[in-house]
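**Q** Below are the structure tokens for one structure; questions will follow.
The values are calculated or read from the model by the stated rules, or taken from the named source; none is laboratory data. These numbers come from a predicted model, not from an experiment. Heads up, the Cβs are rebuilt from the backbone with ideal geometry, glycines too, and the neighbour counts pull from every protein chain shown.
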Amino acid sequence: MNFLHLTLLALFPDNEYNFEKNLLDWYEIIVVVGLYILMNNWVNKKNEILYKKNFKLFFNFKIIGALLITLLFNLYYAGGDTTAYFNDGRLLNKVLITNPLLAIEMFFDSGDTAKWSENLNNGFDGFRFAGDSPAWFVTKITALVELFTFRSMLGTAMVFGFFSGRLIWRFYETILKFYPFAEKYIGWSILFVPNVLLWGSGIFKDTVTLALTFYCFVCLYNIFIVKQKVIINFIFFVLSVYVVFIVKSYIIVSFLGCASIWVFSLVKIKSHFLRIILRPFLVGLFGIIFYFAFNEFIKTFENFSIDTVLKTTSTNGEYLKSISADGSVYDIGTLDPSVTGMLKLAPAAINVTLFRPYFWESGKIIIFFAAVESTFLLLFTLYTVFKTGPFKFIYYIIKDPLLLTFFLFTIIFSIFVGLSSFNFGTLVRYKIPCIPLYLIVLSVILKKDSNAGRPQII
């Protein structure tokens, strides 16, 4: 019996296309213990790592987060994305054993149903995500991981959490090179936000996109500032952009659009006249970024024009509000199906993304924990603004290109997510890319104002 057969030992139940069932099996505990020993040994060998205490604690939390969210979707919810990714992945591996050529053809399929041959149509029968390009990409990653975790769902989630943690740690190390005086605050902002740990560690699109988006910044830092291993970092940058663009294009378009402001600031322009001329250009660039980012955002849901999708978003929102009975759906007003209508609701969308749900909107226990986090974020924001003063708060952001980049991304991203989620349960997961960046902005401003140090650009 070869290794591939060993990885597929667990028997399929008769109802193998039902992703809503409990997908955990008896041997999961063996895989979890084995993987934890391997991962813990790797962590312990990293003696050269700075901030060693945070390093070990963070990876333990990532593993715990991966296990908890997987158990939640198996034992509390009736199915969900993470179980569907896993089940489709193991179905793909089953095809690999029975019909390797078909499996290879399915693996390299982009998810475009219009291009399916009769062979692919038969092969994909019963798969949940085969016709959804972003979801199918994550399914293929899941299938590859499952080959090495003996089709253990908990083990697969641990691998997702571990590798995403490695990239996020690199981002943490890089940010500390800019703001070493805010080490403690930045550690909490990037590494230990509970909902980011929970929803950014399991078998989700969000785990992949969060880690790779942050890693794009690491690559840009290595390319434009330290200028080390430029070719290798450029390759990793392109690959990361490619993956995030396929899975959630609006995230990477928004992030790179805002990051262009930071990259532009690194270019030294001696001419005062040229700097003045370029200012309106940057304003126009920001408007273009916003428009294209929104278009990429709506493509995640429908492949329509911006006006059509705004109408669809408005209709779907009203529908979800009308059928909600569990208290998890929110209402920020009726969306006029136009870009102008979207901008009118932008303040409410930003508020709901960053500062809601409120405690009295907690219809479920998991929403209650989200309310704790959003309430902390609101109080921390108010404390920072009042302590520094609103004008100085804005001044600190404008004078620091990196803070400006993170702040603009937070605003843009909050508008997109707030307008489209309609549901607090979905919102908690969708908003995780902007929460660490917003907390970095608040933390650095607070430490700057308290004269704890000066930002050091390396």
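**Q** In the list F368, F386, F359, which residue meets the criterion of being surrounded by fewer than 18 Cβ atoms within 10 Å (Cβ to Cβ), over 18 Å from P436 (Cβ atoms), touching a helix residue (DSSP H, G or I) at 6+ places or on another chain (Cβ under 6 Å) and hydrophobic (A, V, I, L, M, F, W, C)?
**A** Result: F359 is the single residue among F368, F386, F359 that is surrounded by fewer than 18 Cβ atoms within 10 Å (Cβ to Cβ), over 18 Å from P436 (Cβ atoms), touching a helix residue (DSSP H, G or I) at 6+ places or on another chain (Cβ under 6 Å) and hydrophobic (A, V, I, L, M, F, W, C).
**Q** With a cut-off of at least 1 residues that are within 17 Å of I203 (Cα to Cα), name the helices (runs of 4 or more DSSP H) lying wholly within the stretch 80-158.
**A** 81-98, 133-146
**Q** Between K392, K387, which is among the basic types (K, R) and touching a residue at least 60 places away in the same chain (Cβ under 8 Å)?
**A** Within the list K392, K387, the selection yields K387.
**Q** Give V417, V444 a once-over and let me know the one that is surrounded by 16 or more Cβ atoms within 10 Å (Cβ to Cβ), assigned by TED's automatic domain parsing to the domain that holds P194, in contact with a helix residue (DSSP H, G or I) (Cβ under 8 Å, 6 or more places away or on another chain) and modelled with pLDDT under 90.
**A** V417
**Q** Let me ask something else. Has the stretch 114-125 got at least one residue that is modelled with pLDDT of 85 or more, among the aromatic types (F, W, Y), under 22 Å from I246 (Cα atoms) and out of contact with any strand residue (DSSP E or B) (no Cβ under 8 Å at 6 or more places or on another chain)?
**A** Scanning the stretch 114-125, I find no residue that is modelled with pLDDT of 85 or more, among the aromatic types (F, W, Y), under 22 Å from I246 (Cα atoms) and out of contact with any strand residue (DSSP E or B) (no Cβ under 8 Å at 6 or more places or on another chain), so the answer is no.
**Q** Within the stretch 134-158, which residues are surrounded by fewer than 23 Cβ atoms within 10 Å (Cβ to Cβ) and within 17 Å of the chain's Cα centre (by Cα)?
**A** P134, A135, F137, I141, listed by residue number.
**Q** I'm checking my understanding of the structure. Among residues of the stretch 1-42 that are at pLDDT 75 or above and among the hydroxyl-bearing types (S, T, Y), which one is farthest from A84 (Cα to Cα)?
**A** Of everything passing the filter in the stretch 1-42, Y36 is farthest from A84 (Cα to Cα).
**Q** What do you reckon, is V253 more than 22 Å from Y438 (Cβ to Cβ) and modelled with pLDDT under 95?
**A** Here the answer is no, as V253 does not meet what is asked.
**Q** Regarding the stretch 331-347, can at least one residue be identified that is modelled with pLDDT under 90, surrounded by 16 or more Cβ atoms within 10 Å (Cβ to Cβ), touching a Lys or Arg at 6+ places or on another chain (Cβ under 8 Å) and farther than 30 Å from S189 by Cβ?
**A** Yes, there is a match, as at least one residue in the stretch 331-347 is modelled with pLDDT under 90, surrounded by 16 or more Cβ atoms within 10 Å (Cβ to Cβ), touching a Lys or Arg at 6+ places or on another chain (Cβ under 8 Å) and farther than 30 Å from S189 by Cβ.
**Q** Please tell me if N60 is assigned to a helix (DSSP H, G or I), out of contact with any strand residue (DSSP E or B) (no Cβ under 6 Å at 6 or more places or on another chain) and at pLDDT 90 or above.
**A** Yes.
**Q** Specify the residue that is surrounded by the fewest Cβ atoms within 10 Å (Cβ to Cβ); the eligible residues are those in the stretch 69-89 that are within 18 Å of the chain's Cα centre (by Cα) and more than 15 Å from F129 (Cβ to Cβ).
**A** Residue satisfying both the conditions and the ranking: I69.
**Q** Name the residue, out of L167, L191, L144, that is among the aliphatic types (A, V, I, L, M) and assigned by TED's automatic domain parsing to the domain that holds G425.
**A** Going through L167, L191, L144 in turn, just one is among the aliphatic types (A, V, I, L, M) and assigned by TED's automatic domain parsing to the domain that holds G425: L191.
**Q** Might you let me know whether the stretch 191-214 holds any residue that is in contact with an Asp or Glu (Cβ under 8 Å, 6 or more places away or on another chain), of a type in the set (A, V, I, L, M, F, W, C) and closer than 30 Å to K447 by Cα?
**A** yes
**Q** Answer yes or no: is there a residue in the stretch 401-410 that is modelled with pLDDT of 85 or more and surrounded by fewer than 19 Cβ atoms within 10 Å (Cβ to Cβ).
**A** For the stretch 401-410, residues modelled with pLDDT of 85 or more and surrounded by fewer than 19 Cβ atoms within 10 Å (Cβ to Cβ): present.
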